[in-house]
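The values are calculated or read from the model by the stated rules, or taken from the named source; none is laboratory data. It should be emphasised that the depicted structure is a prediction, and the values quoted were computed from it without experimental measurement. When we count neighbours, we look across all protein chains shown, and the Cβ atoms used for this are built from the backbone with ideal geometry, even at glycine. Quick note on the areas: whole protein, heavy atoms, side chains included, nothing else; ligands and nucleic acids left out. Shrake-Rupley method; radii C 1.70, N 1.55, O 1.52, S 1.80 Å.
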Amino acid sequence: MAALVGWQRLLSRLVKQRSWHGGALPAVPPPGALPAVPPPGARCSSSSNPSPSFGLLFDIDGVLVRGRNPIPGAAEAFRTLLDGSGKLAVPVVFVTNAGNCLRQERATELSRVLGVEVSADQVILSHSPLQMFHHFQDKCVLVSGQGPVEDVAKDLGFKNAVTIDAVRQAYPLLDMVDESRRPRGAVAVGVKLPAIEAVVLLGEPVRWETSLQLILDILLSAGRPAEWRTQAPYPHIPILACNMDLLWMAEAKMPRFGHGTFLLCLETLYYKVTGQELRYEALVGKPSPVTYKFAEQLVLGQARERGWTSPIHTLYAIGDNPMADIYGANLYNRCLQSRRGDSQRPHSCQSVLVCTGVYSNGGEVPSDLRESVTRTVFHGHRDFKFDPSLVEASYVVKDVGEALALILKKEGW
């Protein structure tokens, strides 16, 4: 866990405590105790409860959509959260480990899919918490990923970002795996880049071989790939990584490689070449508690903005990935349990696992809810110690419709 010092220190400053332990997980309801899904068009009545005392954290891929396709019933389920004026009657934040776009783009897509107005301030992408790392924003950083990585870096506050393509152009002899991309003839001297002071891994890139090679070059040369060193510097320059998902769910029936798979490749290569362990300054995105703390702040901000006066006592995290969504929610629940004396913060974060994504189980709820984890293999990141209890959801339901029906019944809405 030593590699998590960066985010642990940050989170310690945010919540003023250091321990994640203490407090039991909420009990799992017996099979058959789930309420029926409300009929399409039914709306949440706020006459008896004008100020909600709970907030909702939704994963997106595998819960609301599969790739570009909405999951059947998701839009209808969201209508149960609307008040008489068509606005959301409870605080809602969308927490996704996707990161190859800007928040506004994701908000626009969700608004279209759900038929509910979603603002950028309600969306947390895997990299969103990086905007809190102010001490890196003036440094020259290498950013890796796909999509508008320069725009994303700028949106996060990084003022001097360099892309993988820029490194390729400046040092054309470094990218040699694909013979068709090797330079022919004499190589002109390109624009010399400034020394790279940190590496920001936003998400899985398109050409893994190129990114793995060039990122390794940057680490082995202390950010100066034109100045090769016979002895690799250690510790290496800081690495900030987002999205640790080994797998994620798109349109295919089987899960696909995620950024966690890319990180595993990079870690393995670095160790194989140097004999040293790759270390991270920060790991953000689910299941990092930093991400859930960020989501909590947005939930409380929505409540203040809407004038809701009841304290938010409970967060419900709805996801499809036991190793990311459920593990992270349960880990954050431990944090909240240790801070129950703070009346201004939620007291618990309850995890709700749906069967429409990475955890599919044939789309059916298991008869024994303690069997929600079908593998003993830990798919989480190397730096998160495996605790089997953290991948067991508080509740297991068929889909997001049943998840909302359960939550609204529990909350008396």
One residue from ALA107, ALA98 being under 18 Å from GLN146 (Cα atoms), within 16 Å of the chain's Cα centre (by Cα) and hydrophobic (A, V, I, L, M, F, W, C): ALA98
Residue hits (segment 277-295; farther than 19 Å from ARG345 by Cβ and either assigned to a helix (DSSP H, G or I) or under 12 Å from the mean Cα position of the chain (by Cα) (or both)) are LEU283, VAL284, GLY285, LYS286, PRO287
Of all residues being modelled with pLDDT under 95 and of a type in the set (Val, Ile, Thr) in segment 168-208, which is nearest to LEU102 (Cα to Cα)? Just the residue, please. VAL206
Which listed residue is open to solvent by 50 Å² or more (accessible area, probe 1.4 Å) and assigned to a helix (DSSP H, G or I), from ARG334, ARG339, ARG304: ARG304
Right, VAL167: surrounded by 22 or more Cβ atoms within 10 Å (Cβ to Cβ) and either farther than 23 Å from PRO235 by Cα or in contact with a Pro (Cβ under 8 Å, 6 or more places away or on another chain) (or both) or not? yes
Residues located in segment 198-220, provided they are touching a residue at least 60 places away in the same chain (Cβ under 8 Å) and in a loop (DSSP other than H, G, I, E, B): LEU202, GLY203, PRO205, VAL206
Given the condition open to solvent by less than 10 Å² (accessible area, probe 1.4 Å), modelled with pLDDT of 90 or more and either in contact with a Leu (Cβ under 8 Å, 6 or more places away or on another chain) or on the phi > 0 side of the Ramachandran plot (or both), answer yes or no: does some residue in segment 364-382 qualify? no
If LEU102 satisfies every condition in (1) in contact (Cβ under 8 Å) with a residue 24 or more places away in the chain; (2) open to solvent by less than 20 Å² (accessible area, probe 1.4 Å) but one, which is the exception? (2)
From ARG334, ARG340, residue being over 16 Å from GLY285 (Cβ atoms) and either modelled with pLDDT under 90 or hydroxyl-bearing (Ser, Thr, Tyr) (or both): ARG340
Would you confirm, using the coordinates I've provided, whether VAL65 is more than 17 Å from CYS355 (Cα to Cα) and at pLDDT 90 or above? no
Of the residues SER126, SER111, which single one is open to solvent by less than 50 Å² (accessible area, probe 1.4 Å), of a type in the set (Gly, Ala, Ser) and in contact (Cβ under 8 Å) with a residue 40 or more places away in the chain? SER126
When every residue in segment 205-260 that is aromatic (Phe, Trp, Tyr) and touching a Phe, Trp or Tyr at 6+ places or on another chain (Cβ under 9 Å) is compared, the one most open to solvent (accessible area, probe 1.4 Å) is PHE257
Which pairs turn up if I take residues in segment 250-267 that are under 17 Å from HIS127 (Cα atoms) and in a loop (DSSP other than H, G, I, E, B) and look for partners that are of a type in the set (Phe, Trp, Tyr) and open to solvent by 20 Å² or more (accessible area, probe 1.4 Å) with beta carbon separation below 6 Å, at least 6 apart in sequence or on another chain? GLY258/TRP248
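Right, LEU298: within 19 Å of ILE60 (Cβ to Cβ), touching a helix residue (DSSP H, G or I) at 6+ places or on another chain (Cβ under 8 Å) and assigned to a helix (DSSP H, G or I) or not?
Values: within 19 Å of ILE60 (Cβ to Cβ): yes; touching a helix residue (DSSP H, G or I) at 6+ places or on another chain (Cβ under 8 Å): yes; assigned to a helix (DSSP H, G or I): yes.
So LEU298 fits the description; yes.
Can we say THR309 is part of a helix (DSSP H, G or I) and either closer than 21 Å to VAL391 by Cα or more than 12 Å from the chain's Cα centre (by Cα) (or both)?
Details: part of a helix (DSSP H, G or I): no; either closer than 21 Å to VAL391 by Cα or more than 12 Å from the chain's Cα centre (by Cα) (or both): yes.
No: the conditions fail for THR309.
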Residue ranges of strands (runs of 3 or more DSSP E) in segment 71-181 with at least 3 members farther than 30 Å from LEU214 by Cβ: 92-95
Exactly one of these conditions fails for GLN146: (1) touching a Pro at 6+ places or on another chain (Cβ under 7 Å); (2) without any contact (Cβ under 8 Å) to a residue 24 or more places away in the chain. Give me its number. (2)
Selection over segment 78-95 where residues are over 30 Å from GLN146 (Cβ atoms), open to solvent by less than 10 Å² (accessible area, probe 1.4 Å) and of a type in the set (A, V, I, L, M, F, W, C) yields a count of 3
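Could you please let me know if THR314 is within 22 Å of TYR395 (Cβ to Cβ) and not aromatic (Phe, Trp, Tyr)?
yes
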